[in-house]
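S.K.: Quick one: the structure is below, questions incoming.
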Amino acid sequence: MPLINMPDFAGTLLDDFAARGAPRVDTPVIQPAEPFLDMAGEDLRRRIFLTESETGESLCLRPEFTIPVCLSHIETATGTPKRYSYLGEVFRQRRNGSNEFYQAGIEDLGETATAHADARAINDAVGILTTLLPGRPLSVMIGDQAVFEAVVKTLGLPSGWQKRLIQAFGDSQHLDQLLHKLASPQIASGLDATSQALITAGDEAGLIAYIDQTMQDTGYSTNASRSPREIAARLKEKLALAETRLDEKALTVLRNFLALEMPLSDAAKALTDFASVAGLNLGSALGQFEERCAAMAQLGLDLSRITYRAAFGRPLDYYTGLVFEVSQLGETAVLAGGGRFDRLLTLLGAKETIPAVGFSLWLDRIELARSR
């Protein structure tokens with residue numbers, strides 16, 4: 001027996017999913033922990049309930065549905081495009097509310113017309129919430145990880161810094177800290193004077209020999225998971241990242257981009273103007289953004305009532321493009337959230353790239369909103 005009751009609108013929700021061509025799929029409550037620990041992001045990782053099998057395999061209580069649905073799709077070798085819906089309990093530590101609660105949603109796998117699939121995901125989320133909360137005005141917030149990545153990649157930063165900034169997308173506090181570090185070079189921590197001198201002199205062979213000797217002297221080499229050459233490469237990268245400084249003009253460009261916020265109806269032109277003034281080539285990311293806006297308008301979504309915020313992201317590492325959230329107008333509680341995750345299925349073991357987009361509904365929050 002579940003510890004919490006199924007929401008009374010669950011039947012209506014499942015009927016709505018079926019009408020949208022997304023049959024329900026069930027996934028086990030006990031899941032392998034590794035995919036979530038590797039791919040879900042720091043925010044979710046620290047909230048997962050972990051356990052272990054008799055054979056020592058790391059397991060967890062299902063913290064979300066996207067990864068389990070994708071794993072199920074791969075295991076059953078189902079063709080694409082394919083839409084799935086889900087409704088069930090998830091388990092994660094929360095500061096407010098129960099650690100066990102119901103989520104539902106739709107995952108759209110393999111649709112190559114990505115702009116249409118993105119628009120449909122947002123339209124479905126809004127349509128479902130409109131049915132469950134009739135007469136309640138909704139607020140939709142949109143961001144785009146791909147546009148942010150395109151801006152970052154034009155700044156000429158080392159790949160390590162690009163990765164740091166991209167992983168921090170959506171976490172404004174962390175992003176501000178990284179930009180502060182980029183404004184002035186930092187002192188690399190954990191580097192002894194000999195290692196730093198060898199790296200500065202460009203003596204890679206000397207650095208590897210020094211690390212090898214140190215490992216032998218300390219007895220660390222017998223249990224080392226990385227070779228002296230791998231450790232040397234990591235130390236060189238660490239020093240390079242610490243010494244990297246982004247010039248004031250590039251920092252201003254990045255800060256100006258992150259400050260962009262406007263109705264979605266004005267966003268494509270604003271991004272085009274921004275790129276032109278900054279001398280950036282945002283390439284296909286801007287074209288995909290424009291195509292998505294056009295597809296949303298074709299589905300009848302009012303772009304003037306949807307907000308685009310350049311700094312907006314969601315705390316899951318697997319997003320690659322569109323990210324969005326829906327709430328009641330004037331309320332902070334997120335009722336639905338989702339985005340595009342084109343790399344996830346390949347990382348989970350799919351033999352070919354499968355484009356994917358989806359969203360989740362927070363049923364306890366919807367239930368509370370209905371009760372009001």
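The values are calculated or read from the model by the stated rules, or taken from the named source; none is laboratory data. Keep in mind that what you see is a predicted model, and the values were worked out from it rather than measured. Every residue, glycine among them, receives a Cβ derived from its backbone with ideal geometry; neighbour counts consider all protein chains shown. The protein model used for the area step is the full one, side chains on, heavy atoms only, and it has no ligands, DNA or RNA in it. Shrake-Rupley method; radii C 1.70, N 1.55, O 1.52, S 1.80 Å.
S.K.: Just one of (1) small (Gly, Ala, Ser); (2) in a strand (DSSP E or B); (3) within 15 Å of GLU325 (Cβ to Cβ) trips up ALA104, so point out which.
M.R.: (3)
S.K.: Checking the structure you have, find out if any residue of the range 68-84 is touching a His at 6+ places or on another chain (Cβ under 9 Å), closer than 20 Å to LEU13 by Cα and either in the same structural domain as THR51 (by the TED database) or crowded, with 17+ Cβ neighbours inside 10 Å (or both).
M.R.: Checked against the condition, which is being touching a His at 6+ places or on another chain (Cβ under 9 Å), closer than 20 Å to LEU13 by Cα and either in the same structural domain as THR51 (by the TED database) or crowded, with 17+ Cβ neighbours inside 10 Å (or both), the range 68-84 yields at least one hit.
S.K.: Considering every residue within the range 333-351, establish whether at least one is assigned to a loop (DSSP other than H, G, I, E, B), closer than 19 Å to VAL126 by Cβ and in the same structural domain as PRO32 (by the TED database).
M.R.: Yes; the residues of the range 333-351 include at least one that is assigned to a loop (DSSP other than H, G, I, E, B), closer than 19 Å to VAL126 by Cβ and in the same structural domain as PRO32 (by the TED database).
S.K.: I need the full set of residues from the range 279-326 which are modelled with pLDDT under 95 and among the β-branched types (Val, Ile, Thr), in order please.
M.R.: THR320
S.K.: Identify, please: which residue in the range 128-154 is outside any loop (DSSP other than H, G, I, E, B) and out of contact with any helix residue (DSSP H, G or I) (no Cβ under 8 Å at 6 or more places or on another chain) and is, among those, surrounded by the most Cβ atoms within 10 Å (Cβ to Cβ)?
M.R.: Taking the candidates together, the pick is GLY143.
S.K.: Got at least one residue in the range 86-103 being buried (at least 19 other Cβ atoms within 10 Å of the Cβ), hydroxyl-bearing (Ser, Thr, Tyr) and closer than 13 Å to ALA356 by Cα?
M.R.: So far as the range 86-103 goes, no, none of its residues is buried (at least 19 other Cβ atoms within 10 Å of the Cβ), hydroxyl-bearing (Ser, Thr, Tyr) and closer than 13 Å to ALA356 by Cα.
Here is a yes/no grid of residues against (1) within 11 Å of the chain's Cα centre (by Cα); (2) open to solvent by 70 Å² or more (accessible area, probe 1.4 Å); (3) closer than 23 Å to ILE366 by Cα:
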residue: THR307; (1), (2), (3): no, no, yes
residue: THR320; (1), (2), (3): yes, no, no
residue: VAL323; (1), (2), (3): yes, no, yes
residue: GLY330; (1), (2), (3): no, yes, yes
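S.K.: Right, another one. Need pairs with beta-carbon distance below 6 Å; first residue among the acidic types (Asp, Glu) and within the range 97-121, second open to solvent by less than 10 Å² (accessible area, probe 1.4 Å); sequence gap 6+ or separate chains.
M.R.: Hits for this filter: GLU107/VAL69; GLU107/GLY358; ASP108/ALA117; ASP108/VAL357; ASP108/GLY358; GLU111/ALA117; ASP118/LEU322; ASP118/VAL357.
S.K.: Condition first: open to solvent by 20 Å² or more (accessible area, probe 1.4 Å) and modelled with pLDDT of 95 or more. Now tell me which residues in the range 349-359 satisfy that.
M.R.: Within the range 349-359, PRO355 is the sole residue that qualifies.
S.K.: Look at the range 270-317 and say how many of its residues are closer than 20 Å to ALA113 by Cα, part of a loop (DSSP other than H, G, I, E, B) and either aromatic (Phe, Trp, Tyr) or in contact with a Gly (Cβ under 8 Å, 6 or more places away or on another chain) (or both).
M.R.: 0
S.K.: I've got another one for you. From the list ALA369, ALA311, which one is more than 26 Å from MET6 (Cα to Cα) and either in contact with a Pro (Cβ under 6 Å, 6 or more places away or on another chain) or of a type in the set (A, V, I, L, M) (or both)?
M.R.: Matching residue, one of ALA369, ALA311: ALA311.
S.K.: Which helices (runs of 4 or more DSSP H) does the range 1-90 wholly contain that include 1 or more residues that are within 20 Å of the chain's Cα centre (by Cα), within 29 Å of ASP171 (Cβ to Cβ) and free of Cβ contacts under 8 Å to residues at least 40 places away in the same chain?
M.R.: Counting at least 1 such residues, we get 34-39, 42-45.
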